[in-house]
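Working notes, structure below.
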Amino acid sequence: MVAPFVSKRAKIYENTPDEKWNDWRWQLSNRLNSAEEIEKIFPLTESERRALNSSGLFRVDVTPYYISLIDPDDAEDPVRKQIIPRAEELQAFTAMMEDSLAEDRHSPVPGLVHRYPDRVLMLVTTQCASYCRYCTRSRIVGDPGQTFNRAEFEAQIEYIKNTPQIRDVLLSGGDPLVLAPKILEELLTRLREIQHIEIIRIGSRVPVFMPQRITQELCDMLSKFHPLWMNIHVNHPNEISLELTQATDRLTRAGIQLGNQSVLLAGVNDCVHIQRDLVHKLVRARVRPYYLYQCDLVEGAGHFRTPVAKGIEIIEGLRGHTSGYAVPQYIVDGPGGGGKIPLQPNYQISMSDHKILLRNYEGYITTYEEPTEYKIHDAKTCKACQSKRPEVGQTGLTGLLDGDQLFIKPEGFDDLHHRGGSEHRLKDENKWKPLGIGSD
Ligand SMILES: *Cc1c(COP(=O)(O)O)cnc(C)c1O
């Protein structure tokens, strides 16, 4: 028998009328944010109390719904660790960065991150329903003074309008689903008016923090803007409640494709068995695991970091062992603006000129015989190759495979290897030249 999803309410909310509990406005305005309020739900540890009472802490706010998912008797509860600060959060660590993904450097206008050739990340608000302690954007998130105004929205939309290679717009923040419904609808309307926008995506943790917000009315509004995709953010199976599955049911019935992005967090979900349970519950809720992220090098998140090997071990324990649908892609978001880099266990063992040696998830080693008569794909006669959409500003590795370019070299390479001339110049030797020229 498959265990049913359950609904929970902390003791102090047992007598809260259902109309209030199920109203997202009530959930928002009754959020808990101080040691005194949280202590009415469960006793705080010394470390939590110290963090909550310190100044300069990243914003704390938890909905009554979400705090109810915490086992009040377990100080190590995986939901609790995600949302209640601990003293470790105040500690610096080596390699820590304020804007580890260099988003600000990739912003042509405030709040818009254009990192990849054909898609943009649009930060539409700095507000969330509750605040994750490991937030990658804690440099701006939570601060109502840093949220985006009308003029900035206009500038973001103007940039998208004037940049025809953008075919995919990802709304994030903060959390787009805490925007006033009218503003969200207007934003979506404006984006849909742009001819070259093919898909719109929303990244939101509202279904997890406040599933009450996913009303039929909201789903009806969203369904006017198809094709619309949504990534939610669940890290632990304890977050998959009856309410969350009702919300994902409404969203999927409205035709919205759901994915899940989770972050690998020490002491929360750094375990193959927890991850397996998580992905199984997600697919039951009709949510496709999309990415599992390595924790970013962000201030306050040092105690959540795991070695990268933990992520590889988790994928090793999922791929082949369970439905392909349930296996996320493990991603390290390259510090300094390197973007998303996928990692996985090695399945390729060796190769010869006619065979490739592969191992499966069980360690069974097999050979795949390469074809002896492969007619090489001819880009000169292929219609798709001839009419390909140019990737503005991106030559890089595909440029090596696809074009006339022979190599990419780090900046300073020529100077360093210019023997017989002046002395070697070592400065800048590690910088990659974005456009290696190439045929000497
Ligand atoms: C993650 C991200 C995207 C979307 O990446 P996908 O791999 O397409 O999901 C786009 N822009 C930025 C800046 C991002 O960080």
Checklist outcome for this item: So the FRET efficiency between L343 and E14, C-beta based with R0 = 35 Å and rounded to 0.05, is 0.15
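Given R₀ = 56 Å, what would the calculated FRET efficiency be for F5 paired with D415, taking r from the Cβ atoms and rounding to 0.05? Please report the intermediate quantities before stating the final value.
Numbers: r = 63 Å, r/R0 = 1.12.
In this case the efficiency is close to 0.35.
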Item to check | Estimated D of the range 215-283 in µm² per second, where Rh is the Kirkwood radius over Cα pairs and Stokes-Einstein applies at 4 °C, 1.567 mPa s | outcome: 99 µm²/s
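Sort M1, M351, M221, M97 by heavy-atom solvent-accessible area, probe 1.4 angstrom, most to least.
Values: M1 225, M351 115, M221 20, M97 65 Å².
So, going from the largest accessible area down, we get M1, M351, M97, M221.
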Next on the checklist: Please compute the modelled spin-label separation between E98 and R286, points set 7 Å along Cα→Cβ, answer in nm with one decimal.
Outcome noted: 4.4 nm
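Quick check on the chain: what does the Kirkwood estimate of hydrodynamic radius come out to from the alpha carbon pairs, in Å?
Values: mean 1/r = 0.0409 Å⁻¹.
Kirkwood hydrodynamic radius for the chain: 24.4 Å.
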Item to check | Charge dipole magnitude, Cβ of K and R +1, D and E -1 - the chain, Cα centre, debye nearest 20 | outcome: 780 debye
Item to check | At R0 = 30 Å, FRET efficiency that the Cβ-Cβ distance of C385 and T252 yields, to 0.05 | outcome: 0.25
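Test of understanding: what is the full-extension gain from T366 to H354, defined as 0.36 nm times their sequence separation minus their Cα-Cα distance?
Numbers: separation 12, 0.36 × 12 = 4.32 nm, distance 1.37 nm.
Taking T366 through H354 to full extension adds about 3.0 nm, to one decimal.
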Checklist entry - Sequence-distant or interchain residues sharing an amide H contact under 5 Å with L171, placed H: which? => result M122, R201, I202, G203
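Stretch N149-N30 to full length: gain in nm at 0.36 nm per residue minus the Cα-Cα span?
Details: separation 119, 0.36 × 119 = 42.84 nm, distance 2.57 nm.
Additional length available on full extension: 40.3 nm.
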Next on the checklist: What do you get for the angle between helix 181-192 and the principal long axis of the chain? Use alpha-carbon atoms, 0 to 90 degrees, nearest ten.
Outcome noted: 20 degrees
Checklist entry - When the label point is put 7 Å from the Cα of D23 along its Cα-to-beta-carbon vector, which residues of the range 176-192 have a backbone N closer than 18 Å? => result 180-181
Item to check | Of the GluC sites (Glu not before Pro) in the range 72-144, those whose Cβ has at most 15 other Cβ within 10 Å and which sit in DSSP loop | outcome: E76, E98
Item to check | Filter on K224/K383; K340/K388; K310/K409; K340/K375 - keep pairs with C-alpha separation over 29 Å | outcome: K224/K383; K310/K409; K340/K375
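Show me 376-383, 332-339 ranked by packing, highest mean number of other Cβ atoms within 10 Å first. Mind dumping the intermediate values first?
Details: 376-383: 8.1, 332-339: 14.6.
So the peptides 376-383, 332-339, ranked by packing, come out 332-339, 376-383.
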Next on the checklist: Per DSSP helix of 4 or more residues, -39500 (n - 2.57); summed, then divided by the residues of the chain. What does that give at 222 nm, rounded to the nearest 500?
Outcome noted: -7000 deg cm²/dmol
Item to check | K340 long-range amide H proximity, modeled H, under 5 Å | outcome: G334
Next on the checklist: Can you give me the angle between helix 150-161 and the longest principal axis of the chain, using Cα atoms only, in degrees from 0 to 90, rounded to the nearest 10?
Outcome noted: 30 degrees
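Counting other Cβ atoms within 10 Å, keep those with at most 13, restrict to DSSP loop, and tell me which trypsin sites (Lys or Arg not before Pro) in the range 16-73 are left. Provide the component values of the computation, followed by the final result.
Numbers: sites: K20, R25, R31, K40, R49, R50, R59; in loops: R31, K40, R59.
For trypsin sites (Lys or Arg not before Pro) across the range 16-73 that sit outside H, G, I, E and B with at most 13 neighbouring Cβ atoms in 10 Å, the list reads K40.
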Next on the checklist: Give the average over all directions of the projected area of the C-alpha convex hull of the range 149-269, one decimal, in nm².
Outcome noted: 8.1 nm²
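The values are calculated or read from the model by the stated rules, or taken from the named source; none is laboratory data. Everything quoted here is computed from the prediction, not taken from an experiment. Cβ: placed from backbone, ideal geometry, glycine included. Neighbour counts: every protein chain shown. To get the accessible areas, we keep the full protein, side chains included, count just its heavy atoms, and leave off ligands, DNA and RNA. Shrake-Rupley method; radii C 1.70, N 1.55, O 1.52, S 1.80 Å.
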